[in-house]
Amino acid sequence: MPTLPQLKFTGAVVEARLGSRGTAAPSASSRGSKPSSPTAALTPRAAYTEIWEQYNYDQLDCAGASVSRTTIRSNGLYLPVYSNAARLTYVVEGECVHSEVIPGCPETYQAFQQPGQQYRGGAAGEQQQQGSRADEHQKVRRLKRGDIVATPPGFVQWFYNDGNTDLVLVTLLDTANSQNQLDNQDRAFFLAGNPQRAQEPREAEQKQGAEVNYNNIFSGFADEILQEVLGTSRETVERVKGRNDYRGHIILVRHGLEMIKPLSYQEEEQQRHQLTNGFEETICTARLRENMANPARADVYNPQAGYIRNVNRLNLPVLGYLYLSAERGVLYRNAIYAPHWNLYSHSIIYATRGSARVQIVGNQQRQSLFDGQLRQGQMIVVPQNFAVTAQAGSNGFEWISFKTGDNAISQSLAGKTSVFRGLPVDMLASMYQISRQEALKIKYNRGDELAIFPQGCRPQRAMIRNLRRDA
Amino acid sequence: MPTLPQLKFTGAVVEARLGSRGTAAPSASSRGSKPSSPTAALTPRAAYTEIWEQYNYDQLDCAGASVSRTTIRSNGLYLPVYSNAARLTYVVEGECVHSEVIPGCPETYQAFQQPGQQYRGGAAGEQQQQGSRADEHQKVRRLKRGDIVATPPGFVQWFYNDGNTDLVLVTLLDTANSQNQLDNQDRAFFLAGNPQRAQEPREAEQKQGAEVNYNNIFSGFADEILQEVLGTSRETVERVKGRNDYRGHIILVRHGLEMIKPLSYQEEEQQRHQLTNGFEETICTARLRENMANPARADVYNPQAGYIRNVNRLNLPVLGYLYLSAERGVLYRNAIYAPHWNLYSHSIIYATRGSARVQIVGNQQRQSLFDGQLRQGQMIVVPQNFAVTAQAGSNGFEWISFKTGDNAISQSLAGKTSVFRGLPVDMLASMYQISRQEALKIKYNRGDELAIFPQGCRPQRAMIRNLRRDA
Amino acid sequence: MPTLPQLKFTGAVVEARLGSRGTAAPSASSRGSKPSSPTAALTPRAAYTEIWEQYNYDQLDCAGASVSRTTIRSNGLYLPVYSNAARLTYVVEGECVHSEVIPGCPETYQAFQQPGQQYRGGAAGEQQQQGSRADEHQKVRRLKRGDIVATPPGFVQWFYNDGNTDLVLVTLLDTANSQNQLDNQDRAFFLAGNPQRAQEPREAEQKQGAEVNYNNIFSGFADEILQEVLGTSRETVERVKGRNDYRGHIILVRHGLEMIKPLSYQEEEQQRHQLTNGFEETICTARLRENMANPARADVYNPQAGYIRNVNRLNLPVLGYLYLSAERGVLYRNAIYAPHWNLYSHSIIYATRGSARVQIVGNQQRQSLFDGQLRQGQMIVVPQNFAVTAQAGSNGFEWISFKTGDNAISQSLAGKTSVFRGLPVDMLASMYQISRQEALKIKYNRGDELAIFPQGCRPQRAMIRNLRRDA
């Protein structure tokens, strides 16, 4: 009998740790600044980026995506970059301002120029020639903890930490996206800096005197052409090309960054609700951000178990364009997320806080694909159609789950929307060789609870309690 | 001169035969119950599933699909299952009831509970606690010979043969579907039973004492979690996990199965036509079934040659969602299906009755890719753009053809819609170095017949007869 | 540290040269008639087809497309053919008539039959039997220099050079198209002739007496079936199958070809504008042609630098169906096309006239991927997200660029729509470690010019001039 080819998905959590020299976990590869060997060349150390590359992890390779975690210090600027991957970025900690430059869209953030006002640093003579032009640029938005932001392939984006604490971002880099025609690797194209140079400082040191290995998108163009099309001097062209720039891809802005800042987060949200109805989006005004942390907007809420929020093409339309969605969840101590499977997507779970016992079950293994702890800072992939459950540990469990489809509906194996509810009781009895009475139990006993269950309470009472709360 | 890489499509019919030990054709691989080695563990033998796996057959691998044939005895229940493949199932023989559990959709089939009515088997005490709840479940539909039913990936479905004769189903398992992100193999996830256990009974016997190889979707979860989320006993959990269940994936329901049965087929159809207009579908009320056997609904009908019926996204909208379509045809004795090619799909032909001489022609071979008999129970793949013709044998020919595209339009090389009709006569004469008179002949001689031709009649008369019938 | 897998794109121009024996460039492979060995069997030499096959060129393989160049002599007919690739054909030189046979669509070009009129060559007796039927066929359109025409996979098309000069066509063969389910190679299915036979005449000569290697779509079918379905004689069937036909895939029509010719180009255009509004297309009336050469319709126009015209799904809706678009450009002497990248497509540039210094820059290389001359008759691939610039040589530069996406938007690195315009000035200063004054320069100095810049003029003045012209 021919054997069914093995699925390459393997159950394993993967972890990346920030740290000083030598503490990097062997399972973690990094890009950008290499945690295991920070060097003087990188000071001031503005940030780290750690990346789970899909070519290093079978499970990510199967899912067609990479995941990165970036930590940006106060006043750190993640240099403008675009890539071939569709990106979803979730803010784990801190706050920042963020912008995406959308091709062909107008500069809608404009400074009102006061009479006599001048840009600092301009010589008076040149100032006249340039005109005392007020700055204008594309929309800048504020991001805070719990926000998710979507970036289509090819759009330039940047993050600037204007807060006082570290900013931690976790990003899905979806290269299996149909809009990516390049290859299966996430390829970052920076507009400035010298990112490859920063990766391997020691190698560069060894090659002292050798040609510098610079690498932003301008670096390969001829000086004379850049000088012509930018209308600038040869010295500026050298700067643009990042020659002798050792700062890496995240730089420290020593004296802060001036720009036309967005309104406060609250005002921004209010303005949005006044101005849009969710359908009147054009590409230039598309909403790219959604906050997932507010329990008041939860899709599933159980005061004893926790809450879950989804964003998808219905509540964040740009996701329909990127074929992605996301789920954020909070489980209280010992609470259980009922076993369920995703119909049209993989699910890439990153633990943002606490820990949980996670079980993943396929159709081919004698035991589960994975049965173990998923702890803060770790990640695991749940393949499409595979069933998964999680039981929070004693400190609860919080996660962000990136889903590789915009219609990432799931089917539960227990509770109110259980698959058992759709099957005749008599069939359940036959299927499992149990009595009708037992079949009724597994069909209806937890039948008024949705998706998440508090642990240890007696089912009958829980049902009644929840019913009352629903009413 | 560089050689064009060979296309992997190979012309060969593949065949699976039901039978007792030792009669299975070497070209047939099977799954579920293995025809070549039925054992006592499988009694009562409720069913067979034979499968043409795409990894065993080059032509199916190129088409990105597998095909299975399942025979279910009277009172046999094909256990609830979902998979990563989009499925089209055609009923070759017999009748059954069928259901798909659609995530998030309501249980619309409800039993009206009579006062005092109780479920059988329930102890009086528990009955009170459960409430004398009437059963309800999702829609159940009746299937009969000639029906086709569509199943999206991830939807749980089951079949129950409540008739008196064998039920024979032929199913396309389309894994090249864009909704499948898993891999290229059809992977079945059962909700109950122990399907792998049944596949290799002898192997299991040899390993007596070794850990049992159970394998439904619940089997890998921890007992304590299942007990909690199902609100049931440890004994029931053992049953749900299918431990020590040797019945395979199709089980015999000894005393029949009670459920809220659908209306009669005719009433169901009438109700549908009253309630829907073909466009008012939501995912919960989507029509999933269409009968293809009725000659009165044929798309092409020739009283001397046979008839052809197509289902596609226009008359069964769910197919637009699955990117699939199908064609069912009947050719009378010696009649010919004109040479034609499919523009946007492969065509996977399964012979349901009789036989035909089939010819398939590509662009690379000196002779045809295939020229031979296709007989009842055999299958062949016609690649996209390859031309195919069929001439029925002396007992006629009936087939179902699964097409791997929802806009599976075809272009004929002869008859009313022939490609010749679109070309200038003068060009035909130059192309083939023939006289204009001959060019007129090949353009118009069979020009009033559509797709299928009776054999041996004189063209001119046939044209006239058909014209009259058309009027 | 793990190395990022290398992208397979390699920077190289590829070139095919027409010529007599022995002059073919080693980098050019050809199909159809082999330029390096034209033989007596091919006389009268009606045409050449040269092809850059994707399996021979890494860069085309990555882009998922092949490119061909066909030269057809006066009175040459490119025999009716369909393929698995979506095609875009650009007319480099000459003019012709062209038709696509769309399955299921009516024959809308009808000859009005005069009383007593007869087709030439018909015997009187047969003529009566056939009826004195006037010819009718599908739409024929006129193509001239600068036209582009779109052909969906599986549609039969032909070209007939009814002009007095050579006709030169350059065609994109897009096999990565989602409508192609066959494989990654362009596979041509001819309705007539004997194309493979013509490819290797010497081989055939060596095998004298061996079975003839014929190969049109009819060639593999049984004679008796073709005779039946075409209603014709065995002799005609032999002709249709192309037995002993040594003319290749482009034939010379010695005395011209009669057909219902289209109106003049001008009348056709006018008629189109009267009859359609760009949205009232059905598949049978879909507009398939667009002229890209008229500067008056340019999207970008600079009287000192040149002009650029795009066709995409918005101005030629069939391209939305094929997921393709195209750009045609003209650069005057020494003018520069500003560095830019394509967000959702590769760009396959074919130089139709003159030459340019082309630079292509990725994110991985120390230097540019390519920096060299692209000359008339050469082709190069610019991968998605890679930045490209071109500076015309002293004779200017003209090109056609095929793009593998229907929303092939690009982002410029300089000028009016530069990415710099979307970024705050203060950020530019930090990014590049330059003064605000310098940042203002690179943001605004060439800020009123769009995409193409004349060379050598002083930026400030150019800005003013262009502003005046815009007003």
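Below is a table of values for the structure above.
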quantity: Cross-chain or 6+ apart pairs with Cβ under 6 Å, the range C:182-200 first and at the interface with chain B (Cβ under 7 Å from one of its Cβ atoms) and open to solvent by less than 20 Å² (accessible area, probe 1.4 Å), then part of a helix (DSSP H, G or I) and at pLDDT 85 or above; calculated: C:A192/B:M431; C:A192/B:Y432
quantity: Unique residue being open to solvent by 90 Å² or more (accessible area, probe 1.4 Å) and either modelled with pLDDT of 85 or more or not aliphatic (A, V, I, L, M) (or both) when the list is C:Q274, C:Q227; calculated: C:Q274
quantity: For A:S233: the one exception among (1) among the hydroxyl-bearing types (S, T, Y); (2) open to solvent by 80 Å² or more (accessible area, probe 1.4 Å); (3) farther than 30 Å from A:K416 by Cβ; calculated: (2)
quantity: Considering residues of the range A:45-99 that are aliphatic (A, V, I, L, M) and in a loop (DSSP other than H, G, I, E, B) only, the residue nearest to A:V168 (Cα to Cα); calculated: A:A46
quantity: Answer residue from the range B:416-431, given it is within 7 Å of chain C (Cβ to nearest Cβ) and part of a loop (DSSP other than H, G, I, E, B) and is nearest to C:P103 (Cα to Cα) among those; calculated: B:T417
quantity: Failed criterion for B:E205 (all others in (1) closer than 30 Å to A:A392 by Cα; (2) at pLDDT below 85; (3) open to solvent by 20 Å² or more (accessible area, probe 1.4 Å) hold); calculated: (1)
quantity: Enumeration of residues in the range C:376-414 that are buried (at least 21 other Cβ atoms within 10 Å of the Cβ) and modelled with pLDDT under 90; calculated: C:A408
quantity: Residues located in the range B:76-90, provided they are β-branched (V, I, T) and over 13 Å from B:L288 (Cβ atoms); calculated: B:V81
quantity: Hits in the range B:91-104 - residues which are open to solvent by 10 Å² or more (accessible area, probe 1.4 Å) and more than 8 Å from chain A (Cβ to nearest Cβ); calculated: B:V92, B:E93, B:G94, B:E95
quantity: Unique residue being open to solvent by 20 Å² or more (accessible area, probe 1.4 Å), modelled with pLDDT under 90 and outside the structural domain of C:Q54 (by TED's automatic domain parsing) when the list is C:Q367, C:Q373; calculated: C:Q367
quantity: Test: residue in the range C:31-53 that is modelled with pLDDT of 85 or more, in the same structural domain as C:P262 (by TED's automatic domain parsing) and of a type in the set (D, E); calculated: no
quantity: Count of residues meeting criterion [open to solvent by 30 Å² or more (accessible area, probe 1.4 Å) and in a loop (DSSP other than H, G, I, E, B)] in the range A:432-454; calculated: 4
quantity: Index of the failed condition, B:S219 passing every other in (1) over 30 Å from B:W399 (Cβ atoms); (2) of a type in the set (S, T, Y); (3) open to solvent by 20 Å² or more (accessible area, probe 1.4 Å); (4) modelled with pLDDT under 90; calculated: (3)
quantity: Residue in the range A:242-252 that is outside the structural domain of A:L79 (by TED's automatic domain parsing), closer than 19 Å to C:K441 by Cα and at pLDDT below 90 present; calculated: yes
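The values are calculated or read from the model by the stated rules, or taken from the named source; none is laboratory data. Treat the numbers as computed from the prediction; the structure is a model and nothing was measured. As a convention, Cβ positions derive from the backbone with ideal geometry for all residues, glycine included, and neighbour counts pool all protein chains shown. Side chains are part of the model used for accessible areas, which takes the heavy atoms of the whole protein and leaves out ligands, DNA and RNA. Shrake-Rupley method; radii C 1.70, N 1.55, O 1.52, S 1.80 Å.
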